[in-house]
Amino acid sequence: MKLFLQILMIATSVLLVIAVLLHRGRGGGLSSLFGGGMQSSLAGSSVAEKNLDRITLLLGAIWLISIVGLGLLLKV
């Protein structure tokens, strides 16, 4: 179980870094890479950015759960 959580933590850490770097900063980002800067008029962000936000939150939650699980296993 400990090895599984360690591998999960490393994999989600790398994917989380990639997901954060894909987000839009002051300019650019994933949406402008594929959409040419086209924005949705209602929400202000494209579908690609919204999906990237969801993926980033999911990866962050998995990373947090693996950290807590490893902490509990190491404490016991």
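Can you confirm whether region 22-40 contains a residue that is in a helix (DSSP H, G or I), modelled with pLDDT of 90 or more and under 27 Å from Leu70 (Cβ atoms)?
The answer is no; no qualifying residue exists.
For region 56-76, how many residues are among the hydroxyl-bearing types (Ser, Thr, Tyr) and loosely packed, with under 14 Cβ neighbours inside 10 Å?
Qualifying residue count, region 56-76: 0.
The values are calculated or read from the model by the stated rules, or taken from the named source; none is laboratory data. Just so it is clear, the structure is predicted and the values come from calculations on it, not from any experiment. In this analysis, Cβ positions are derived from the backbone assuming ideal geometry, glycine residues included, and neighbour counts consider all displayed protein chains.
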